[in-house]
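Reviewing the structure listed below.
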Amino acid sequence: MDTTATAQSVTPELRRWIIEQAEAGCRPQDVIQAMITSGWREDIAIKAMEHTLREHLATLPPDESDLPPPVPVPEPALTGAPSEIVVEGHAVKILTTMKHPRVVVFGGLLTDAECTGLMKLAEPRLMRSETVDNATGGSEINPSRTSDGMFFERGEHDLISRIERRIGLLLGWPVQNGEGLQILRYRPGAEYRPHHDYFDPVHPGSGKILARGGQRVGTLVMYLNTPEGGGATTFPEVGLEVAPVRGNAVFFSYVRAHVSTKTLHGGAPVLAGEKWVATKWLREGEFI
Ligand code: PD2
Ligand code: ZN
């Protein structure tokens with residue numbers, strides 16, 4: 001029995017009735033029995049009830065008491081909804097903010113010269129990007145991520161230090177808690193399919209990664225150029241798309257390593273030209 005057929009055979013009235021029974025504390029077997037009495041085949045009734053309740057549960061806000069406790073996360077000083085934040089004389093525009101998921105889009109975080117400087121320093125060191133191998137905590141080539149990339153050491157260059165200091169002040173988060181800046185170049189067709197940036201603690205390889213500064217709690221993706229087409233950073237669970245514009249950046253944070261943060265995000269395929277970004281991932285503690 002495929003779920004499409006099940007979904008189609010559940011009328012809105014039946015859906016409402018199944019949910020009402022569950023909310024009233026009726027036993028599942030009694031609900032199934034009632035469906036059988038009204039002409040349903042038992043196996044189809046079970047599937048239909050499961051499908052209906054699973055779909056309904058996904059629409060409910062998560063019960064915080066079932067989740068791991070929230071941890072402190074980076075957060076720009078946005079009280080009073082300012083239109084810009086000045087960091088060491090550099091004005092950063094606040095273009096868009098969203099509460100859940102916590103997303104902030106910045107304008108003019110990097111200057112044109114800084115964007116060009118990062119691309120120039122990175123280009124000779126670019127290699128095909130990899131993703132975390134969940135089994136070992138190492139990394140592997142993965143078709144879900146088809147960019148080229150490289151990592152700078154923290155403070156490796158004056159330009160890197162200046163940008164890291166600006167990020168630290170903007171987000172109120174210690175520079176030492178940041179991973180080294182990552183540069184990515186996406187060629188036409190390249191993408192980064194939707195994923196979470198935190199490490200799922202259930203994976204065997206996560207222990208090794210978490211030993212270097214704890215969980216990731218925030219991500220800042222800075223756009224180093226404006227692609228000719230495509231390449232938005234997307235948050236598919238909330239229908240948000242951030243257009244890549246040179247110097248702008250998108251920041252998002254996650255108070256726990258859990259899907260309830262709604263921080264599933266991806267880099268949409270580049271349709272024309274190249275897309276270059278610099279990503280700064282922020283950890284709970286000092287990244288070593
Ligand atoms: O390049 C992007 O838009 C993007 C999208 C999703 C980058 C990352 N994730 C990342 O570097 O984590
Ligand atoms: Zn990401």
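Here is the P(r) of the range 22-73: all C-alpha pair distances, binned every 5 Å from 0, give 4, 17, 20, 18, 13, 9, 7, 5, 3, 2, 1 in whole percents.
Looking at the range 14-89, which GluC sites (Glu not before Pro) are DSSP coil and have at most 12 other C-beta atoms within 10 Å of their C-beta? Could the numbers behind the result be given before it?
On the way: sites: GLU20, GLU23, GLU42, GLU50, GLU55, GLU64, GLU84, GLU88; in loops: GLU88.
Of the GluC sites (Glu not before Pro), the ones in loops of the range 14-89 whose Cβ has at most 12 other Cβ atoms within 10 Å are GLU88.
For the residues THR52, THR233, THR146, a GNM of the chain with alpha-carbon springs under 10 Å puts the largest fluctuation on THR52.
A simple count of charges around TRP276, restricted to other residues whose Cβ falls under 13 Å of its Cβ and scoring Lys, Arg +1 and Asp, Glu -1, yields -1.
With a cut-off of at most 11 other beta carbons within 10 Å, and DSSP calling the residue loop, which GluC sites (Glu not before Pro) in the range 113-171 qualify? Please list them. Walk me through the numbers before you get to the answer.
Working: sites: GLU114, GLU130, GLU140, GLU153, GLU156, GLU164; in loops: GLU130, GLU153, GLU156.
Here the GluC sites (Glu not before Pro) that fit, given the DSSP loop and packing criteria, are GLU153.
Within the P(r) computed for the range 89-152, what percentage of the Cα pairs occupies the region above 19 Å?
Values: 1200 of 2016 pairs.
Cα-Cα pairs in the range 89-152 separated by more than 19 Å: 60 percent.
Summing charges over all other residues whose Cβ lies under 15 Å from the Cβ of PRO188, with Lys and Arg as +1 and Asp and Glu as -1, gives -1. Other residues with beta-carbon under 15 Å from the beta-carbon of CYS115 carry, at +1 per Lys or Arg and -1 per Asp or Glu, a net charge of +3.
Could you give the Stokes-Einstein D for the range 170-271 in µm² per second, using the C-alpha Kirkwood radius, 37 °C, 0.692 mPa s? Let's see the in-between values first.
Details: Rh = 14.9 Å.
For the chosen part, D equals 220 µm²/s.
Expressed in units of 2.2 N^0.38 Å, where N is the residue count, the Cα radius of gyration of the chain is 1.21. Restriction of the trypsin sites (Lys or Arg not before Pro) in the range 36-91 to DSSP coil positions whose beta-carbon has at most 12 other beta-carbons within 10 angstrom yields ARG41.
All of the numbers you see were taken from the coordinates with simple rules; none came from a lab. Computed from a prediction, not measured in an experiment: that's the story for all the values here. Cβ sites come from the backbone with ideal geometry, for glycine too, and all protein chains shown count toward neighbours.
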